[in-house]
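The values are calculated or read from the model by the stated rules, or taken from the named source; none is laboratory data. What you see is a predicted model, and the numbers here were worked out from it, not measured in a lab. With ideal geometry, Cβ positions are generated from the backbone for all residues, glycine too; neighbour counts draw on all protein chains shown. The protein model used for the area step is the full one, side chains on, heavy atoms only, and it has no ligands, DNA or RNA in it. Shrake-Rupley method; radii C 1.70, N 1.55, O 1.52, S 1.80 Å.
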Amino acid sequence: MNRRKFLGAVGAAGLTVAGAGKVLAADKQVTGASIKGVKGLPDSYAVLFDCNRCIGCRQCEDACNYEQNLPEPDVDFWDTGVFERRRRTDWKTYTIVNQYDDKPPGAGQLYRKTQCMHCMEPACASSCFVRAFAKRHDGAVTYDAKMCVGCRYCMMACPFNIPAYEYHIASDPLVTKCTFCEHRLEKDEEPACVEICPTRAMEFGTRQEMLREARRRIVEKPDSYVEHIYGEHEMGGTNWLYLSPVPFEQVGMRMDLGTKAAGEFTSGALGGVPLITALWPVFLVGAYAIAKRKEKYAKEDRDKYVSQLIAQAGPEAGRRLAERLSKTEKLDKAAIEEEVRKALDEAAAKTEREGH
Ligand code: SF4
Ligand code: SF4
Ligand code: SF4
């Protein structure tokens, strides 16, 4: 299943889980269950990154490493040798700066910083059936390690390829990503990476202010910018916004994502089909088990197993599972795993009984 197809799947799942559970009460949080309600968030914070201003000094990486108490980097922050290859975020690197092709002759290199985009309607949150991710009203997409069951749907769902996983930790590995320095936002402070940047390649303010600032720059210097603010509409909008002097593909940004948020992918096609939406939790649980049993099943077997689960699990199984999922707020991780195991065994037994 490719990332795009998975987004469709998680959109449907988000609808189902939304119906099954209740919104967490914390006043600054909006969970995957109520993502539709956050659209806009005009007063949320945003960062505007301007590729014209970044000099590739990597001080933002250093500041992030320090602020987030991350391990020593593989390559020192002063070492420009890292630009020889394109890097991505990983468990000990929440943000990276990559180098891209030359600007117009004599103008030097282009650099772009990557981190979580803090999507307005995040696919990671839609895909997470235990609601480990939450979209806060200040714009941050947060991750609650206590809720996470390690299924890694969020990694498959993220269109920006951001969440990483602590594969090297045998016991209880976690998903990792940029936090938007949520502890600093709570004090109305800008993120550490923004604060340290010597060229002000990043500006921090409300999303409305940052969009206004971005438009101002484009209008004032039309020869220096493509006429597009990346993140204003992509995937339903993001709280990190980008300006570039060259088409965004040339600085490694996807232009094929469209403007629909993850949760909207299936609302037209599948949202009106109750049976299908009721079965999505079963599908997710099947996929979860497959992730857990990946050593046992070859890929074809896994695909077949999922198809069987979807085909065989009736609406009744979907209803029971939805009820269980609605209780997950009260359950600890072990209990969640137990519930998932029970549901899976039921579905597998049903499949076997019916001779498939
Ligand atoms: S600190 Fe600023 S100029 Fe330096 S690499 Fe980061 S974004 Fe670019
Ligand atoms: S960029 Fe990925 S991890 Fe970050 S909020 Fe969006 S979907 Fe979630
Ligand atoms: S916002 Fe904070 S966590 Fe995210 S990249 Fe910047 S310093 Fe790192």
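Could you list, in sequence order, the residues of the stretch 221-252 that are within 15 Å of the chain's Cα centre (by Cα) and open to solvent by 10 Å² or more (accessible area, probe 1.4 Å)? Can you show your working first?
Start the filter on the stretch 221-252 by keeping residues that are within 15 Å of the chain's Cα centre (by Cα), which leaves 231, 234-240.
Glu234, Gly236 - these are the residues of the stretch 221-252 that are within 15 Å of the chain's Cα centre (by Cα) and open to solvent by 10 Å² or more (accessible area, probe 1.4 Å).
Note on the stretch 170-185: residues that are away from ligand 2 (no atom under 16 Å from the Cβ) and either open to solvent by less than 60 Å² (accessible area, probe 1.4 Å) or within 24 Å of Gly205 (Cα to Cα) (or both) total 3. State which residue is nearest to the chain's Cα centre (by Cα) when the search covers only the stretch 177-196 and only residues that are within 16 Å of ligand 1 (Cβ to nearest atom) and part of a loop (DSSP other than H, G, I, E, B). Looking at residues that are within 16 Å of ligand 1 (Cβ to nearest atom) and part of a loop (DSSP other than H, G, I, E, B), I get Cys178.
Close Cβ contacts (under 7 Å, 6 or more residues apart or on different chains) running from residues in the stretch 144-158 that are more than 16 Å from ligand 3 (Cβ to nearest atom) and hydrophobic (A, V, I, L, M, F, W, C) to residues that are open to solvent by 20 Å² or more (accessible area, probe 1.4 Å) and not in a loop (DSSP other than H, G, I, E, B) comprise Val149/Lys333; Val149/Glu337; Cys151/Ala291; Met155/Tyr165; Met156/Arg3. The set of residues in the stretch 55-76 that are under 30 Å from Lys221 (Cα atoms) and open to solvent by less than 20 Å² (accessible area, probe 1.4 Å) comprises Gly56, Arg58, Cys60, Glu61.
Every residue, every condition in (1) part of a helix (DSSP H, G or I); (2) more than 16 Å from ligand 2 (Cβ to nearest atom), yes or no:
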site: Asn52; (1), (2): no, yes
site: Trp78; (1), (2): no, yes
site: Phe83; (1), (2): yes, yes
site: Arg87; (1), (2): no, yes
site: Asp102; (1), (2): no, yes
site: Gly108; (1), (2): no, yes
site: Asp138; (1), (2): no, no
site: Cys148; (1), (2): no, no
site: Cys151; (1), (2): no, no
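In the stretch 164-176, is there at least one residue being among the hydrophobic types (A, V, I, L, M, F, W, C), assigned by TED's automatic domain parsing to the domain that holds Val47, within 16 Å of ligand 3 (Cβ to nearest atom) and part of a helix (DSSP H, G or I)? No, the conditions are met nowhere in the stretch 164-176.
Yes or no: the stretch 245-258 includes at least one residue that is farther than 21 Å from Tyr100 by Cα and at pLDDT 95 or above. Among the residues of the stretch 245-258, not one is farther than 21 Å from Tyr100 by Cα and at pLDDT 95 or above, which makes the answer no. Please indicate, with yes or no, whether at least one residue in the stretch 133-146 is within 16 Å of ligand 1 (Cβ to nearest atom) and under 14 Å from the mean Cα position of the chain (by Cα). Looking for residues that are within 16 Å of ligand 1 (Cβ to nearest atom) and under 14 Å from the mean Cα position of the chain (by Cα), one finds none in the stretch 133-146, hence no. Checking Glu195, Glu166, Glu203, Glu190 one by one, the residue that is at pLDDT below 95 and either closer than 22 Å to Cys64 by Cβ or of a type in the set (Phe, Trp, Tyr) (or both) is Glu166 and no other.
Kindly evaluate Asp79 against the criterion of being surrounded by fewer than 22 Cβ atoms within 10 Å (Cβ to Cβ), within 16 Å of ligand 1 (Cβ to nearest atom) and without any contact (Cβ under 8 Å) to a residue 24 or more places away in the chain. Talk me through it step by step, then tell me what you get.
Numbers: surrounded by fewer than 22 Cβ atoms within 10 Å (Cβ to Cβ): yes; within 16 Å of ligand 1 (Cβ to nearest atom): yes; without any contact (Cβ under 8 Å) to a residue 24 or more places away in the chain: yes.
Taking the combined requirement at face value, the residue satisfies it.
Each row is one residue, and each column tells you yes or no for (1) among the small types (Gly, Ala, Ser); (2) away from ligand 3 (no atom under 16 Å from the Cβ); (3) under 29 Å from Thr142 (Cβ atoms).
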| position | (1), (2), (3) |
| --- | --- |
| Phe204 | no, no, yes |
| Gln208 | no, yes, yes |
| Ala214 | yes, yes, yes |
| Val219 | no, yes, no |
| Asp223 | no, yes, no |
| Val226 | no, yes, no |
| Met235 | no, yes, yes |
| Asn239 | no, no, yes |
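Here is a check on your reading of the model: is Arg200 within 21 Å of Thr114 (Cβ to Cβ), out of contact with any Cys (no Cβ under 8 Å at 6 or more places or on another chain) and loosely packed, with under 13 Cβ neighbours inside 10 Å? Show your work before the answer.
Values: within 21 Å of Thr114 (Cβ to Cβ): yes; out of contact with any Cys (no Cβ under 8 Å at 6 or more places or on another chain): yes; loosely packed, with under 13 Cβ neighbours inside 10 Å: yes.
Against the criterion (within 21 Å of Thr114 (Cβ to Cβ), out of contact with any Cys (no Cβ under 8 Å at 6 or more places or on another chain) and loosely packed, with under 13 Cβ neighbours inside 10 Å), Arg200 qualifies.
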